[in-house]
Amino acid sequence: MIKIGSGVLTSPDRSKLDDSIIEQIAHQVSTLKKSGCEIILVSSGAIAAGIKELNLKKIPEDILHKQAAAAIGQSHLIGKYERHFKKEELKVAQILLTHDDFSSRVRYLNAKNTILTVLSYGVIPIINENDTVAVDEIKFGDNDTLSAMVTNLIEADLLIILSDVKGLYTVDPKINSSAELIPIVKKITSEIEAIAGESKSLTGVGGMVTKIQAAKRVSLTGIPAVIVDGKAKGVIEAIMKGEDMGTLFIPEKDKLNSKKYWIAYTLKSNGKIRVDDGAKSVLISSGKSLLSSGVVDIEGKFESGDMVSCIDTNNKEFARGLINYSSMELKKIKGKHSSKIEDILGYKIADEVIHRDNLVIL
């Protein structure tokens, strides 16, 4: 999986797409494919291409004009990829996704099957967020997160993030000349996240912090990630040869299975359940299911099957899971023993509020 940031794809003055970079990426991907690799691209750049086509001086500030720029620019972006990959005798497929495509388990699996089928034809999938209709994706989202979600979706072997910096530094190199590149991160700790939070992106939506979050997401499922300078000549091929490039993130040894990852890091929470200290302790230490007797309070409105956050008495989220009862039902049975559920509701869906197979400790 190769994620290409807008800072990599644009010219030095960031006024247009850089054809020479796209040509270089297409050549490297072609070389990898001939060696037996399967490659998926997640590419930014639609808004940048749209700005050029509309002769705008800068990125629009309001959502509607950003969406218009994305709509106009996306066809030009994919056109450039198509043209350069055709020189390498390869075909490309455009796939536009939103967060909603991952929220439904059926659509989630369908997206996976579509991507894998495209790969089976020997075609290069080029994925982008559907900025033209997804307001949240433009305003809050980023392709770093999308690349991590797709990496886990298709269970890739490696995530390569092509950035406009060489990797993760001890401090932001744009503001401190004494910054040193960190070659290997064995575990993404709060200290690492704090370093990333100080770095800002000159282009695109995300910065270094979103790249670290992406690396963390794939790490949880046992997949390594690397952040490198995307403009460096031959960088993709160098990584695949094992050369010392950028920052390598070592994956976690105890990885989540695909279903639990989907629950914890793909779905959006529809509400919160506050549990008592005893229930929290049992959930964390013993891997038990959450019962109604351990529920103290409910926040938000949700239905059976929705993903909800479990918070403790200090309002700290410590788990997420698929709920068996709606918020209205749970308000009636909270704090009650499971044996009393049928007497209270007139029926019983399950003994558990959240079954341990559908619960993820964060």
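Computed quantities for the displayed model
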{"item": "Residue in region 247-278 that is nearest to the chain's Cα centre (by Cα), counting only those that are part of a helix (DSSP H, G or I) and among the hydroxyl-bearing types (Ser, Thr, Tyr)", "result": "265"}
{"item": "Residue match in region 32-49 (condition: under 21 Å from residue 3 (Cα atoms), small (Gly, Ala, Ser) and touching a Phe, Trp or Tyr at 6+ places or on another chain (Cβ under 6 Å))", "result": "no"}
{"item": "Filter pass, residue 61 being part of a loop (DSSP other than H, G, I, E, B) and either aliphatic (A, V, I, L, M) or modelled with pLDDT under 85 (or both)", "result": "yes"}
{"item": "Condition check for residue 340: assigned to a loop (DSSP other than H, G, I, E, B), of a type outside the set (Gly, Ala, Ser), over 33 Å from the mean Cα position of the chain (by Cα) and surrounded by 14 or more Cβ atoms within 10 Å (Cβ to Cβ)", "result": "no"}
{"item": "Some residue of region 6-29 being closer than 18 Å to residue 159 by Cβ and at pLDDT below 90", "result": "yes"}
{"item": "Search result, residues across region 299-308 that are surrounded by fewer than 20 Cβ atoms within 10 Å (Cβ to Cβ) and over 16 Å from residue 260 (Cα atoms)", "result": "299, 300, 301, 303, 304"}
{"item": "Residue identified as outside any helix (DSSP H, G or I), among the small types (Gly, Ala, Ser) and free of Cβ contacts under 8 Å to residues at least 24 places away in the same chain among 305, 321", "result": "305"}
{"item": "Options 284, 250, 311: the member that is surrounded by fewer than 20 Cβ atoms within 10 Å (Cβ to Cβ), of a type in the set (Val, Ile, Thr) and closer than 30 Å to residue 169 by Cα", "result": "250"}
{"item": "Considering residues of region 1-46 that are crowded, with 19+ Cβ neighbours inside 10 Å and out of contact with any helix residue (DSSP H, G or I) (no Cβ under 8 Å at 6 or more places or on another chain) only, the residue farthest from residue 113 (Cα to Cα)", "result": "7"}
{"item": "Selection count, region 284-302, where residues are part of a strand (DSSP E or B) and under 13 Å from residue 359 (Cβ atoms)", "result": "2"}
{"item": "Criterion violated by residue 268 - all others in (1) surrounded by fewer than 18 Cβ atoms within 10 Å (Cβ to Cβ); (2) more than 21 Å from residue 362 (Cα to Cα) satisfied", "result": "(2)"}
{"item": "Region 163-186 residues that are free of Cβ contacts under 8 Å to residues at least 24 places away in the same chain, paired with ones that are small (Gly, Ala, Ser) and not in a strand (DSSP E or B) (beta carbon under 6 Å, 6 or more apart)", "result": "173/179"}
{"item": "Test for residue 175: is it of a type outside the set (D, E, K, R), surrounded by fewer than 21 Cβ atoms within 10 Å (Cβ to Cβ) and at pLDDT 90 or above", "result": "no"}
{"item": "Members of region 260-283 found to be polar (S, T, N, Q) and farther than 18 Å from residue 356 by Cβ, listed by number", "result": "266, 269, 270"}
{"item": "Pairs with Cβ under 8 Å, 6+ apart, first in region 107-120 and surrounded by 16 or more Cβ atoms within 10 Å (Cβ to Cβ), second outside any helix (DSSP H, G or I) and of a type in the set (Gly, Ala, Ser)", "result": "118/93"}
{"item": "Residue in region 298-310 that is at pLDDT 95 or above, in contact with a strand residue (DSSP E or B) (Cβ under 7 Å, 6 or more places away or on another chain) and over 28 Å from residue 145 (Cα atoms) present", "result": "yes"}
{"item": "Matching residues in region 70-91 - criterion: being outside any helix (DSSP H, G or I) and either of a type outside the set (Asp, Glu) or loosely packed, with under 14 Cβ neighbours inside 10 Å (or both)", "result": "89, 90, 91"}
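This table checks each residue for (1) under 15 Å from the mean Cα position of the chain (by Cα); (2) assigned to a helix (DSSP H, G or I); (3) more than 27 Å from residue 31 (Cα to Cα); (4) modelled with pLDDT of 95 or more.
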| position | (1), (2), (3), (4) |
| --- | --- |
| 65 | no, yes, yes, no |
| 68 | no, yes, yes, no |
| 93 | no, no, no, yes |
| 108 | yes, yes, yes, no |
| 160 | yes, no, no, yes |
| 165 | no, no, no, no |
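The values are calculated or read from the model by the stated rules, or taken from the named source; none is laboratory data. In this text, all values refer to a predicted model and were calculated from it rather than measured experimentally. Cβ coordinates were reconstructed from backbone atoms using ideal geometry, including for glycine residues, and neighbour counts include every protein chain displayed.
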